[in-house]
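The values are calculated or read from the model by the stated rules, or taken from the named source; none is laboratory data. Remember, predicted model here, so these are calculated numbers, not experimental data. Glycine gets a Cβ as well: all are built from the backbone with ideal geometry, and neighbour counts include every protein chain shown. In case anyone asks, the SASA skips ligands and DNA or RNA and just uses the protein heavy atoms, side chains included. Shrake-Rupley method; radii C 1.70, N 1.55, O 1.52, S 1.80 Å.
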Amino acid sequence: MIFRGCHNRNLTMHSFLLASSMLRQKFPTLESFLWRVSRRASHLARQQYDVIVVGGGHAGTEAAAAASRVGAQTLLVTQKVHTIGALSCNPSLGGVGKGHLVKEVDALDGVCGRAGDWAGIHFSILNRRKGPAVWGPRAQLDRQRYRQFIQSELLSTPRLTVLEGSVEELLVTESNPEEPGCHRVTGIRLAGASLPISAHSVVLTTGTFLSGSLFMGQNTSPGGRIGDAPSSAGMSHTLRERLGLKMGRLRTGTPPRIVKASVDFDQATLHPPDSQPSPFSFLNSHTHCKAEEQLPCYLTYTTPGVDKVVKESLHLNCHIQQDTKGPRYCPSIESRVLRFPGRQHQVWLEPEGLTSDLVYPQGLSMTMPPDMQLQLIREIPALHTAEIHTPGYGVQYDFVCPTQLSPALQVKSTQGLFLAGQINGTTGYEEAAAQGLWAGVNAARAALCMPTMALSRTESYIGVLIDDLVTRGVTEPYRMFTSRAEFRTSLRPDNADLRLTLKGFAEVGCVSSRRYQQTVRVRDRLQDALAALRDVSLSATTWRHKLPGVHISEMKAANPTGLEMLQYNDATFEMLVSVFPERLSPYTEFSQRLKIEAVYRPHCVLQQKEIERIQKEESMSLPQDLDYLSLPVSLSQEVREILDRVRPSTLGAATRLQGVTPAAIVHLFNYVLHSGKKEKSTHRS
């Protein structure tokens, strides 16, 4: 069952019409088309692709779209076409740290930011009391709108084919002796299919479906999401036994969905959205949902009665008794009560859609029996008469230890195999989308005989995320926070386009010319505006007269420029425009960006010097054939074993390995530098 994105002229035209109809809010056309596709199509017109992406979640959709944008003929395989882009847990996008990832995925022409702008129903900027560098753009989403946008986007993407089916196993052959690796993945075999499907690169984005198990009370059943089967057991077997990958087991969970009409919102605290919604995408000047149409969220708290129910139901809760690692940053209510007894815990009551009759109780993930779940939620004042529509449940699943990956998200020991999302030990839609995009980019580049690429942690949060995974690994589901980045003042949500879009177009090849041209225009206009701010100056006395509301220091330089004045907290670009209307008014569309740029400029100048120093050192490549166990340098046995196990690709990656000392880095640096010079000298002679 298949939709062919570009190989059939009639279906391509139908895709175009679908994309157009989306803009006219005629999504029922899409759903009926999906039904017709799954009913009528019965075979593949081709059995060879450049890239195959397995899984239609956030990682898979971004991977498939990115590979197609790079120029690869791409196949996306998913168990159910109609669940592509489904929000399995919380219908939200972004947040602190996570919002940075969404902005960066969008800057690289990804899909999720634009989908969030279309489907958002409650927009807010978290961390507003702190500096703009750590603001967290976030939106509550309409589940149905988000899924429909993603599906419409993928089904109208050139070079992308979508196939409904279950992958039974990976095709594995001997490796190419001219490249690193012990094996090579050459394609997939579908359950019930007679012929395999070949590809130069395969991207696995299995989410929680890899040997997934669902838990509710003492009942366990196979699955990665309620209503969906897990991935084939052959997949885990291939990864573990055939490819020899080190794997582990993680767990997560989801709360019960509550009938909105049964909630007593008067007993909760109202939290309205921002009066002016802030779009995720740099292509959008406004969101699809108008400001006045947004829905509120509500905040309530647990009570001692919740603790009592948790403790009384522990013997009936096999999921919480397991020793598999659960999420520290989004734990179940059972874990919270056991870890912090007697403490009140926040519960956010969030809408699931503009027309949905359900509420998502964020903070109440649970896996106890359904009757105990109802008893627990009714211990919360706002939910004292609540009715459960769907019980909460837990999920346990396999993941691959990510230190076995390169910074391109390719398995080091296996040519042609890339991994992204929860299979790498992460949690969250945003982390999955970021990995998916980068894995898709590199899978396509490898398939098209181009070198794979890495993103530095000095230039993006995506780089921080991937570097953390491949150098440090995980012991629990990884979640992005701004505190994980060393260069927060430079890696801001507002400048993700300037940091990544130009590179994405010129070097990576995943950005459209339309987005590139818009970013060039923004860059040039911002440069002109900053030059204009530097050109205007007045004496400090005159500035005080012109801007009486700004508390200008008595020690200020004789003639501060407009850029220096904008660094004051209570000064705005609009104030400066009132003083120099002719010179500054052409740039009012960038007023917020200019304010942020001015505030952070002094910090960024100093930080840039540090970045350049680190980039110079950390970009030094470490030969992949280094025998760390017998290297003729002063390294402890512990350091040798760590380096041998992880095999970092650069010196910078080695510096971040837990247990590798600064002294060891110096010895390693000198050895590689010396051996490199010696090798060059030998070649010359």
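Highest mean first, what order results for 507-519, 51-63, 565-577, 483-495 on Cβ atoms within 10 Å?
Answer by packing, highest mean first, reads 51-63, 483-495, 565-577, 507-519.
Of all the accessible heavy-atom surface of the stretch 527-573, with the other protein chains kept in place and a 1.4 Å probe, what percent is carbon and sulfur?
Details: 1250 of 2500 Å².
Looking at the stretch 527-573 in its full context, I get 50 percent from C and S.
Does the stretch 286-431 come out rounded, prolate or oblate by the C-alpha gyration tensor, with a ≥ b ≥ c the root eigenvalues, rounded set by a/c under 1.5 and, if not, prolate when a/b is larger than b/c and oblate if not? It would help to have the intermediate numbers written out before the result.
Values: a/c = 2.58, a/b = 1.35, b/c = 1.92.
In terms of gyration-tensor shape, oblate.
Give the cross-link partners of LYS609 among the aspartates and glutamates, using a straight C-alpha distance below 19 Å as the criterion and excluding same-chain residues fewer than 8 apart.
Once the sequence-local aspartates and glutamates are set aside, what remains near LYS609 is GLU459, GLU486, GLU597, GLU617, GLU618.
Quick check: at a probe of 1.4 Å, how many percent of the accessible area of the stretch 108-231 sits on carbon and sulfur atoms?
50 percent
Where does the charge balance sit around TYR393 when Lys and Arg score +1, Asp and Glu -1, over other residues with C-beta under 12 Å from its C-beta?
After counting each charged neighbour, the total is +3.
Classify the stretch 453-585 as rounded, prolate or oblate, taking a ≥ b ≥ c as the square roots of the eigenvalues of its Cα gyration tensor: rounded when a/c is under 1.5, otherwise prolate if a/b is larger than b/c and oblate if not.
Oblate is the answer for the stretch 453-585, as a/c is 1.5 or above yet b/c matches or exceeds a/b.
When DSSP beta bridges are limited to those with both residues in the chain, what percentage is antiparallel, rounded to the nearest 5?
70 percent
Counting only heavy atoms of protein chains, what accessible area per residue, in Å², does the chain have with a probe of 1.4 Å?
42 Å²
Run the dipole for the stretch 424-478 about the Cα centre, Lys and Arg Cβ at +1, Asp and Glu Cβ at -1, nothing else charged, and hand back the magnitude in debye, nearest 20. Please report the intermediate quantities before stating the final value.
Numbers: 3 positive and 6 negative charges, 45 e Å.
That gives a dipole near 220 debye.
For LYS260, list the aspartates and glutamates whose Cα falls under 12 Å from its own Cα; do not include residues on the same chain fewer than 8 positions away.
List returned: GLU350, GLU352, ASP357, GLU387.
Need the C-alpha centroid separation for the stretch 455-529 versus the stretch 390-423, integer Å.
22 Å
Beyond 29 Å between alpha-carbons counts as too far, so tell me which of LYS103/LYS595; LYS98/LYS290; LYS130/LYS311; LYS290/LYS503 fall in that bin.
From the list (LYS103/LYS595; LYS98/LYS290; LYS130/LYS311; LYS290/LYS503), the Cα-Cα distance tops 29 Å for LYS130/LYS311; LYS290/LYS503.
Could you give the DSSP H helices of the chain that reach 27 angstrom or more along their long axis (alpha carbon positions) and whose average Kyte-Doolittle hydropathy is no lower than -1.0? Before the final figure, lay out the partial values.
Working: long enough: 513-535 (33 Å, -1.11); 591-618 (37 Å, -1.06); 662-684 (33 Å, -0.50).
TM-like helix candidates: 662-684.
Shape call for the stretch 420-531 from the C-alpha gyration tensor, a ≥ b ≥ c root eigenvalues: rounded (a/c under 1.5), prolate (a/b greater than b/c) or oblate?
oblate
When ranked by the protection proxy of mean other Cβ atoms within 10 Å per residue, highest first, what sequence do the peptides 413-426, 187-200, 640-653, 450-463 form?
The densest-packed peptide leads the list: 413-426, 450-463, 640-653, 187-200.
Please work out the C-alpha center-to-center distance from the stretch 171-231 to the stretch 641-655 and express it in whole Å.
28 Å
Output wanted: per-residue J couplings in Hz (rounded whole) for the stretch 242-258, from phi through Karplus 6.51 cos²θ - 1.76 cosθ + 1.60, θ = phi - 60°, x for Gly and Pro.
6, 9, x, 7, 6, 10, x, 10, 10, 9, 8, x, 9, x, x, 8, 10
If every alpha-carbon in the chain counts as one equal scatterer, what log10 I(q)/I(0) does Debye give at q = 0.05, 0.07, 0.11 1/Å?
Relative scattering, expressed as log10 I(q)/I(0), comes to -0.26, -0.51, -1.21.
Nearest 500 deg cm²/dmol is fine: what mean residue ellipticity at 222 nm does the chain get from its DSSP H runs of n ≥ 4 alone, each adding -39,500 (n - 2.57), divided by its residue count?
-11500 deg cm²/dmol
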